[in-house]
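*Asks:* Mind looking over this structure? Questions follow.
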Amino acid sequence: MSSDLSPIDRAKFFAARRATDYVENGMRVGLGTGSTAAWLVKCLGEMVRDDGLNIVGVPTSLQTATLARDVGITILSLDEARWLDLTIDGADEYDGNLNLIKGGGGALLQEKIVATASERMIVIADASKQVDTLGAFPLPVEVIPFGWQTTKTLVEEMLIGLDVMGRQSTLRMNGSQPFVTDEGNYILDLNLRRIGNAQQLSLVLNQAPGVVENGLFVDICDAVVIGYSNGKVEV
Ligand code: ABF
């Protein structure tokens with residue numbers, strides 16, 4: 001780790017490094033996406049190279065697949081691996097019940113499929129991601145491009161009567177074009193401000209025909225490893 005990292009990057013690095021304690025020889029490991037997960041992949045790459053760690057990784061995005069290959073981790077697709085021992089990934093928010101908002105990086109669909117196929121899921125994060133109630137971070141919802149404006153209106157209407165504070169959503173952009181996920185879909189970011197019942201909201205959102213998946217991870221995460229810039233780590 002370079003000494004000129006920002007405090008937040010140091011915190012992410014320390015969380016990622018501690019999470020490698022959960023990785024054992026022979027494991028099939030889901031590799032998350034985002035800047036915190038990238039530290040994990042780099043740490044695991046070092047362990048493969050220097051300590052002879054023998055694992056296979058299942059990446060949750062093209063970006064992570066490229067990084068994992070670059071650092072020397074053997075990767076498989078989920079179809080090849082089928083079931084995983086462990087997934088380690090970042091998050092945009094986590095609450096005291098280990099419920100998460102994910103998808104700020106746009107990889108929520110593969111992340112959720114891989115995490116759900118895993119015996120255990122560990123989140124790595126800096127303490128800024130901790131919240132009492134989810135929802136300050138806009139909730140990403142992956143939708144198919146066909147009819148996305150209709151889906152957007154439908155989703156906003158389906159929020160009426162639910163325990164949320166806002167209902168506005170915006171199409172995520174990449175410059176002047178819609179952001180496109182690895183699966184060829186779009187993302188709606190829902191500005192809900194407060195999510196009172198994450199499980200109910202997740203079930204409702206996935207009822208809309210154009211919705212592929214949403215970024216709420218309920219009852220999926222088993223532990224959060226929280227890193228601090230001074231090197232302290234809490235689990
Ligand atoms: C992925 O990366 C996401 O689900 C989440 O959106 C994001 C967290 O990013 P970072 O680790 O860069 O803060 O884990």
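*Asks:* What lysines could a cross-link reach from residue 129, if we take a straight Cα to Cα line under 18 Å and drop same-chain neighbours fewer than 8 places away?
*Replies:* Output for residue 129: 12, 102, 232.
*Asks:* Report, in whole Å, the centroid distance computed from the Cα atoms of segment 146-190 and segment 11-62.
*Replies:* Between the Cα centres of segment 146-190 and segment 11-62 lies a distance of 32 Å.
*Asks:* Ok, one more. FRET efficiency for residue 116 and residue 228, Cβ-Cβ distance as r, R0 = 22 Å, nearest 0.05? Please report the intermediate quantities before stating the final value.
*Replies:* Values: r = 29 Å, r/R0 = 1.34.
For residue 116 and residue 228, the calculated efficiency is 0.15.
*Asks:* Further question on the same structure: Provide the descending list of Cα extents for segment 1-79 along its principal axes, expressed in whole angstroms.
*Replies:* Answer, in whole Å and largest first: 38, 26, 20 Å.
*Asks:* So who's got an amide H within less than 5 Å of the one on residue 57, skipping anything under 5 residues away but keeping other chains? H placed 1.01 Å off N, in plane.
*Replies:* When sequence neighbours closer than 5 places are left aside, the close amide H contacts are 29, 74, 75, 76.
*Asks:* Oh, and also: Compute the signed sum of charges (Lys and Arg +1, Asp and Glu -1) over the other residues within less than 14 Å, Cβ to Cβ, of residue 49.
*Replies:* -2
*Asks:* Search the structure for amide H atoms under 5 Å from the amide H of residue 212, placed 1.01 Å from N in the peptide plane, and list their residues when 5 or more places away or on another chain.
*Replies:* Amide H neighbours of residue 212, under 5 Å, 5+ apart: 142, 143, 144.
*Asks:* What do you get for the angle between helix 7-19 and the principal long axis of the chain? Use alpha-carbon atoms, 0 to 90 degrees, nearest ten.
*Replies:* For 7-19 against the chain, the angle is about 70 degrees.
*Asks:* What chymotrypsin sites (Phe, Trp or Tyr not before Pro) in segment 176-220 are in a loop by DSSP, with at most 15 other Cβ atoms within 10 Å of the Cβ?
*Replies:* Here the chymotrypsin sites (Phe, Trp or Tyr not before Pro) that fit, given the DSSP loop and packing criteria, are 179.
*Asks:* Shifting gears a bit: State, as an integer percentage, the relative contact order of the chain based on alpha-carbon contacts under 8 Å between residues 6 or more apart.
*Replies:* Computed value for the chain: 25 percent relative contact order.
*Asks:* Then there's this: What is the gain in length, in nm to one decimal, between residue 127 and residue 83 on full extension, counting 0.36 nm per residue of separation less the C-alpha to C-alpha distance?
*Replies:* Fully extending the segment from residue 127 to residue 83 adds 12.8 nm.
*Asks:* Which whole-number percent is the relative contact order of segment 131-235 (Cα, under 8 Å, 6+ apart)?
*Replies:* The value is 36 percent.
*Asks:* For residue 93, what accessible area in Å² do you get when you roll a 1.4 Å probe over the heavy atoms of the protein chains, rounding to the nearest 10?
*Replies:* 10
The values are calculated or read from the model by the stated rules, or taken from the named source; none is laboratory data. Please read all numbers here as calculations on a predicted model, not as lab measurements. Every residue, glycine among them, receives a Cβ derived from its backbone with ideal geometry; neighbour counts consider all protein chains shown. Ligands, DNA and RNA are stripped out before the accessible areas are found, and what is left, the full protein with its side chains, is counted by its heavy atoms. Shrake-Rupley method; radii C 1.70, N 1.55, O 1.52, S 1.80 Å.
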